[in-house]
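**Q** The following block contains the structure, expressed as structure tokens.
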Amino acid sequence: MTCTKLLPLFVILLIFSCQQKPKSADLLLINATVYTANDALPKTEAIAVTDGRVTMVGTNQEIMAYKGDSTSVMDMNGKFIYPGFIEGHAHIMGVGANLINVDLMGAQSYDEVIEMVKKRANETPEGEWIIGRGWHQDKWNQTPERLFKGFPTHHKLSEAVPNHPVFLKHASGHASLANAKAMEMAGVDKNTTNPNGGEVFKDVTGQPTGLLNETASGLVSGVIPAETQELKARKLQLAIDECLKSGIVGLHQAGSGFEDIAVFEDFAKNGDLKLRLHVMLHGRDSALLNAYFEKGPQIGLYDQHLNIRSIKLYADGALGSRGAWLLEEYTDAEGVHGHNVTPMSEIEAIVKSGLENGFQMCTHAIGDRANREVLDIYERAFESKPTISKDHRFRIEHSQHIHPEDIPRFAELGVIPAMQAIHMSSDRPWAIDRLGKERIENGAYMWSQLIDNGSKIVNGTDAPVEPVSVLASFYASVSRRTLQGKPEGGYEPTQKMTRAEALKSYTLWPAYGAFMEDQTGSIEVEKLADFTILDQDIMTIPEEEILNTKVLMTIIDGEVVYRN
């Protein structure tokens, strides 16, 4: 064969050879067990990353082909890689606040709450406010000597801390306890009337007990001095660090105003907003909504680290404070049905405006009456605007107690249930007192039934209502037990999530709930290189071992942002 004939063959072989040689990657993660949350390739062992995105997913041999002279190779030594966890409903500034203020989440009694506040008072100049959050009377192991409607009164607190105004939010965030000094400064007395959607608890003599339920909390919180931007920045940084330690790469921020958004943007501009924030606007702020309706949804800002395209509304309160709005009265409170905290006509008007302007609606609804009312409003809005895109992905935040007839309506309407599995673990032991056996079994925390009907559950913790722990909520999702492991077999075990469902509820489904499933939520080629690395295989280990699992590393955009 002549050289002339060989030349075309050589060129073809050279081109073919070049086509087969992969481009060098920036980072290789090898020798791991990789759970992708991608049904086409659910499990593999290595990943290649270039320019902050996944280049290839496959075997060690396949991935090592992407090694070049400047490629960084991380040998995972058999550890476990998951798509970066996404917190589907939390209050990021509240997470930071709990790290600065008095964190009452672990208090086992009212006396312990008072001692914690007293300790802070001893370290605080007289007259300055003492703020705390996290107490929950149904979780105490001792009953206070003085109770009113099942809640503590201010008297013992006021006696222990008389010279500092004290404001202590309930763990749910839907009630608060104020001491005498705080009520005096706010002008709350026997003549104070109940605001719409709230209640100032008063004893038999007509004097306030210090307990402020739902919107009544604003009577005192409204006189607390405004936070500086410096304090907001400190809170945000602490919260980001806390989330990264938990393996969280993204967070759905459940309600923000102008000032908090300004801090988010400052962080993002400086490259300090490591998390991907999906921000819901405060629905009660008409000026805020009008400003964003004029601008339109803000999507993919700062290299996909900030989205502002949702609105947070409140239909009712919380179950613990008997503020959740029920169709039938509370089992443990005759004649009490909870609170509708925002007039439904106001919610309906904002829902229609949000739909017209391209914003996702995210409405807090815990009781079955609230869930039904919100579903009805969403349905009417969709029917009134049939030409608008059907890919609205409206959400109901919490969806905690749903009438059985309304469960299939979520999937039928395309409404996402954004539920926090850890609430079942934390609340179920006492929630049966509020709802009774039948309502608990047929309508509370109905994860499996919602999924079987076609819903994608967006999981989360509602931090700081609960600690921002993905692993605790994952454990609750698959076990339906308390964090103490009770009861054996779990509460209403037919409603457990499978482990595959629980993983998706913290990865792909919250990505979908934020319109980001094409960018994140699973480990696939061209998606963002966001990973959570654990020391145990939460997909196979015994349930009780899940809570002992440790986050070894959090990777965002191919960069290690937390290392244990």
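Where a number appears in this text, it was derived from the coordinates with a stated rule and is not lab data. For clarity, every value in this text was computed on a predicted model and none was experimentally measured. Cβ placement follows ideal geometry from the backbone for every residue including glycine, while neighbour counts extend to all protein chains displayed.
**Q** Quote to one decimal, in nm, the extra length available between Glu545 and Gln61 on full extension: 0.36 nm per residue of separation minus the C-alpha distance between them. Write out the running numbers ahead of the final one.
**A** Working: separation 484, 0.36 × 484 = 174.24 nm, distance 3.17 nm.
Taking 0.36 nm per residue and subtracting the Cα distance, the gain is 171.1 nm.
**Q** Follow-up question, since we're still on this one. Please report how far the C-alpha centroid of segment 460-518 lies from that of segment 139-187, rounded to the nearest whole angstrom.
**A** Taking the Cα centre of each part, segment 460-518 and segment 139-187 sit 32 Å apart.
**Q** On to the next question. Once the Cβ-Cβ distance between Asp452 and Glu184 is put in as r, and R0 is 56 Å, what FRET efficiency do you end up with, to the nearest 0.05?
**A** 0.55
**Q** Also: Out of all DSSP beta bridges in segment 359-471, what portion is antiparallel? Express it as a percent rounded to 5. Numbers along the way, then the final one.
**A** On the way: 1 of 9 bridges.
Of all bridge pairs located within segment 359-471, approximately 10 percent are antiparallel.
**Q** A further question on this structure: Rank Leu104, Ala370, Ala476 by how far each Cα sits towards the positive end of the charge dipole of the chain (+1 on Lys, Arg Cβ; -1 on Asp, Glu Cβ) and give me just the farthest.
**A** Ala476
**Q** For the charge dipole of segment 297-432, defined by +1 on Lys and Arg C-beta atoms and -1 on Asp and Glu C-beta atoms about the Cα centroid, which residue among His398, Gln298, Gly335 has the Cα displaced farthest towards the positive pole?
**A** Gln298
**Q** Convert each backbone phi in segment 551-561 into a coupling constant with the Karplus relation 6.51 cos²θ - 1.76 cosθ + 1.60 (shift: θ = phi - 60°), then list the ³J(HN,Hα) values in order as whole Hz, x for Gly and Pro.
**A** Karplus-based 3J(HN,Hα) across segment 551-561 equals 7, 8, 7, 10, 10, 10, 6, x, 10, 6, 9 Hz.
**Q** Obtain the nm distance between the two label points defined at Asp241 and Glu329 by a simple spin-label model: each point lies 7 Å from its Cα along the Cα-to-C-beta direction.
**A** 5.1 nm
**Q** For Lys437, go through the lysines and keep the ones whose alpha-carbon is under 19 Å away, minus same-chain ones fewer than eight residues off.
**A** Cα-Cα hits under 19 Å: Lys486, Lys496.
**Q** Along the charge dipole of the chain, pointing to its positive end and built from +1/-1 on Cβ of Lys, Arg, Asp and Glu, which listed residue (Ile261, Met185, Gln536) has its Cα farthest out?
**A** Result: Gln536.
**Q** What does the helix-only formula give at 222 nm for the chain: each DSSP H stretch with n ≥ 4 adding -39500 (n - 2.57), the total divided by the residues, and the result rounded to the nearest 500 deg cm²/dmol? Numbers along the way, then the final one.
**A** Values: 20 runs with 198 residues, N = 564.
Only helices count here, giving -10500 deg cm²/dmol.
**Q** Let me ask something else about it. Test of understanding: express the Cα radius of gyration of the chain as a ratio to 2.2 N^0.38 Å, with N the residue count.
**A** 1.05
**Q** So how far apart, in nm, are the two label points at Val204 and Leu483 if each is 7 Å from Cα heading toward Cβ?
**A** In this crude spin-label approximation the distance works out to 3.9 nm.
**Q** Counting DSSP beta bridges with both partners in segment 280-362, what percentage is antiparallel, nearest 5?
**A** Working: 4 of 10 bridges.
Antiparallel: roughly 40 percent of the beta bridges in segment 280-362.
**Q** Now for a different question. Can you give the % of DSSP beta bridges in the chain that are antiparallel, to the nearest 5?
**A** Numbers: 40 of 81 bridges.
So the antiparallel bridges in the chain amount to around 50 percent.
**Q** Here is a follow-up. Given the C-alpha centroids of segment 244-299 and segment 49-121, what is the distance between them in whole angstrom?
**A** Between the Cα centre of segment 244-299 and that of segment 49-121, the gap is 19 Å.
**Q** Going Cα to Cα from Lys232, which aspartates and glutamates come in below 15 Å? Please leave out same-chain ones fewer than 8 positions away.
**A** Once the sequence-local aspartates and glutamates are set aside, what remains near Lys232 is Asp241, Glu259, Asp260, Glu265, Asp266, Asp272.
**Q** I would also like to ask the following. Would you work out the charge dipole size for segment 92-232 about its Cα centre, treating the Cβ of every Lys and Arg as +1 and the Cβ of every Asp and Glu as -1, and quote it to the nearest 20 debye? Provide the component values of the computation, followed by the final result.
**A** Working: 13 positive and 17 negative charges, 41 e Å.
Using Cβ point charges on Lys, Arg, Asp and Glu, segment 92-232 gives about 200 debye.
**Q** Separate question: Beta carbons within 10 angstrom, averaged per residue: use that to sort the peptides 281-293, 247-259, highest first. Before the final figure, lay out the partial values.
**A** Details: 281-293: 17.0, 247-259: 23.5.
So the peptides 281-293, 247-259, ranked by packing, come out 247-259, 281-293.
**Q** Could you sort 513-524, 412-423 so that the peptide with the highest average Cβ count within 10 Å comes first and the rest follow in order? Don't skip to the end; give the middle numbers.
**A** Details: 513-524: 22.2, 412-423: 23.7.
Descending mean neighbour count gives 412-423, 513-524.
**Q** At a Förster distance of 51 Å, what's the computed FRET efficiency of Thr387 paired with Ala160, Cβ-Cβ distance as r, to 0.05? Walk me through the numbers before you get to the answer.
**A** Working: r = 62 Å, r/R0 = 1.21.
Using R0 = 51 Å, I get an efficiency of 0.25.
**Q** Measuring from a point 7 Å past the Cα of Glu265 along Cα-to-C-beta, which residues in segment 298-319 have an amide N at less than 18 Å?
**A** It comes to 298-311, nothing else.
**Q** Could you give the distance between the Cα centres of segment 407-421 and segment 520-534, to the whole Å?
**A** 25 Å
**Q** Within segment 100-201, count lysine pairs with alpha carbon atoms under 24 angstrom apart where the residues are 8 or more positions apart or belong to different chains.
**A** Lysine pairs satisfying the spacing and distance rule in segment 100-201 number 20.
**Q** Please give every one of the lysines within straight-line cross-link reach of Lys79, meaning a C-alpha to C-alpha distance under 23 Å, and leave out same-chain neighbours fewer than 8 residues apart.
**A** Lys43, Lys67, Lys245, Lys504, Lys527, Lys550
**Q** Report, to the nearest 10°, how far helix 3-20 tilts away from the longest principal axis of the Cα atoms in the chain, using its own Cα long axis and a range of 0 to 90°.
**A** In the chain, helix 3-20 runs at an angle near 10 degrees to the longest axis.
**Q** Still on this structure: Can you pull the one-decimal nm distance between simple spin-label points at Val560 and Asn196, each 7 Å off the Cα toward Cβ?
**A** If labels sit at Val560 and Asn196, their model points lie 5.5 nm apart.
**Q** What's the magnitude of the charge dipole for segment 335-473 around its Cα centre, counting Lys and Arg as +1 and Asp and Glu as -1 at the beta-carbon? Answer in Debye, nearest 20.
**A** 140 debye
**Q** Please state the charge dipole magnitude for segment 203-291, taken about the Cα centre, from unit charges on C-beta atoms (+1 on K and R, -1 on D and E), reported in debye and rounded to the nearest 20.
**A** Numbers: 8 positive and 12 negative charges, 57 e Å.
The dipole of segment 203-291 has a size of about 280 debye.
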